[in-house]
Amino acid sequence: MKGIRVEPEALTAHAEPGLTWAEFDDETQAFGLATTGGVVPTTGIAGLTLGGGIGWLMGKYGLAVDNLLSVDVVTADGRLQTANTSQNEELFWGLRGGGGNFGVVTSFEFQLHRVGQLFGGMLVYPLEDARDVLRNYSEYTVDCPDELTTMVVFVTLPDGPKVCAIAACFNGPAAEGERVLKPLRAFGQPMADQIGPISYGEMQNLFTEGFPPGLQNYWKSNFLGELDDEAVDTIVNHYARVPSPTSAIAIEQMGNAVRRVGDDETAFNHRDARFNLLIVGIWPDPADTDAHVRWARGLWEAMEPYSSGGVYMNYLGQSSDEGEERIAAAYGAETYSRLAALKRRYDPDNLFRLNQNIRPM
């Protein structure tokens, strides 16, 4: 199900759930349009959107769910229903963050935005400079314009060195982007400054090579309120001991347009978090699983004191691995209770359960 219809005058797109973000972006960018989508283009539009939808355009346009106008969904009783702000409003609320718990979405309608040439790329620093870089980054991102979305990544370069990199995307004129990013680029002695004019497609492909197919994966995540000195030291020290050159840590900047949506407007909440921490264990040999899982879980446990509470639902594993308490933590008590009541209404027998499962109550 990979159909898509772009309506450039209405600034909307009707898209089927089998599309990846690369396929979606190819069609919308043909008209100079885009909406907030995932930062790895092989990700499917359906799963990412239903869980929230972090992406490079979220500072100005919000999450993917904040750009969702309407859905067609087949519920557990076999009925095809339309959900939006005027039809099946409570179901529409739950689908915007509640994942695949309430039905199978067969069509998404997205709000599109005019997105042309961007100004962005990466600043790369040696790991030994990471503490100073992170502290400066935390201060710099306190008051960013909506047009700028950033993240920090800890990765290992192909030739061996461990590095700390800042990825930045400015959705606006290059001259303004150069002015906004000048203080960040002037800090320290980067090994490489790869920031400049860049297309949206190139920005979306920035991390593609970091997620090759066929490898083992184990992820852990938490939202963060601040990056104080102790949190910074914990992250840097832990990455210095990373057991695999393909494993990584990402610190994603939240805020701006994401924060301006009310907590009760969508099932995705936790909108007050400044950052999202993602710990990505990736390795080739299944026999090494225990060591890599211990590394990822070790950092996650060490960072729990700095969590702002909750976890991004799209970064959770299956219910059997995470446990029901972690699923509930993705929403908070009040939102989870509302979602459980919605589940009872649309899926009382828990047909849709092979997911980050919300049990009917």
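The values are calculated or read from the model by the stated rules, or taken from the named source; none is laboratory data. Treat the numbers as computed from the prediction; the structure is a model and nothing was measured. Virtual Cβ from ideal backbone geometry, glycine too; neighbours counted across all protein chains shown. Side chains included, ligands, DNA and RNA excluded: accessible areas come from the protein's heavy atoms. Shrake-Rupley method; radii C 1.70, N 1.55, O 1.52, S 1.80 Å.
Number of residues in region 313-361 that are basic (Lys, Arg), more than 23 Å from Ile54 (Cβ to Cβ), in contact with a helix residue (DSSP H, G or I) (Cβ under 9 Å, 6 or more places away or on another chain) and open to solvent by 40 Å² or more (accessible area, probe 1.4 Å) equals 3. Taking the listed residues Gly196, Gly210, the one that is open to solvent by 10 Å² or more (accessible area, probe 1.4 Å) and touching a Ser or Thr at 6+ places or on another chain (Cβ under 8 Å) is Gly210, with no other qualifying. Within region 297-335, the set of residues being among the aliphatic types (A, V, I, L, M), assigned to a helix (DSSP H, G or I) and touching a strand residue (DSSP E or B) at 6+ places or on another chain (Cβ under 7 Å) comprises Leu299, Met303.
From Phe187, Phe268, which residue is buried (at least 22 other Cβ atoms within 10 Å of the Cβ), out of contact with any strand residue (DSSP E or B) (no Cβ under 6 Å at 6 or more places or on another chain) and either at negative phi or outside any helix (DSSP H, G or I) (or both)? Full working, then the answer.
Values: Phe187 fails: buried (at least 22 other Cβ atoms within 10 Å of the Cβ).
Exactly one of Phe187, Phe268 is buried (at least 22 other Cβ atoms within 10 Å of the Cβ), out of contact with any strand residue (DSSP E or B) (no Cβ under 6 Å at 6 or more places or on another chain) and either at negative phi or outside any helix (DSSP H, G or I) (or both), namely Phe268.
Phe102 - would you say it is touching a Leu at 6+ places or on another chain (Cβ under 9 Å), open to solvent by less than 10 Å² (accessible area, probe 1.4 Å), without any contact (Cβ under 8 Å) to a residue 40 or more places away in the chain and farther than 18 Å from Thr36 by Cα? No; evaluated as a whole, the condition is false for this residue. Of the residues making up region 256-279, at least one is at pLDDT 90 or above, of a type in the set (Phe, Trp, Tyr) and within 22 Å of Ala130 (Cβ to Cβ). Here is the figure for region 61-116: residues that are more than 24 Å from Gly332 (Cα to Cα), of a type in the set (Ser, Thr, Tyr) and either modelled with pLDDT under 95 or more than 23 Å from the chain's Cα centre (by Cα) (or both) total 3. Within region 214-236, identify whether any single residue is more than 30 Å from Asn67 (Cα to Cα), touching a residue at least 60 places away in the same chain (Cβ under 8 Å), part of a loop (DSSP other than H, G, I, E, B) and open to solvent by less than 60 Å² (accessible area, probe 1.4 Å), and answer yes or no. Scanning region 214-236 turns up at least one residue that is more than 30 Å from Asn67 (Cα to Cα), touching a residue at least 60 places away in the same chain (Cβ under 8 Å), part of a loop (DSSP other than H, G, I, E, B) and open to solvent by less than 60 Å² (accessible area, probe 1.4 Å). Every listed requirement among (1) closer than 21 Å to Gln356 by Cα; (2) surrounded by fewer than 19 Cβ atoms within 10 Å (Cβ to Cβ) is met by Gly262 save one, (1).
Determine whether region 12-22 contains at least one residue that is modelled with pLDDT of 95 or more, among the hydrophobic types (A, V, I, L, M, F, W, C), open to solvent by 50 Å² or more (accessible area, probe 1.4 Å) and more than 15 Å from Thr149 (Cβ to Cβ). Reasoning before the result, please.
Step one: list which residues in region 12-22 are modelled with pLDDT of 95 or more, which gives 12-22.
If we keep only those that are among the hydrophobic types (A, V, I, L, M, F, W, C) too, we end up with 13, 15, 19, 21-22.
Filter once more, keeping what is open to solvent by 50 Å² or more (accessible area, probe 1.4 Å): none.
No, region 12-22 has no match at all.
Candidates Asp143, Asp129: the one that is among the charged types (D, E, K, R) and either open to solvent by less than 10 Å² (accessible area, probe 1.4 Å) or free of Cβ contacts under 8 Å to residues at least 24 places away in the same chain (or both) is Asp143.
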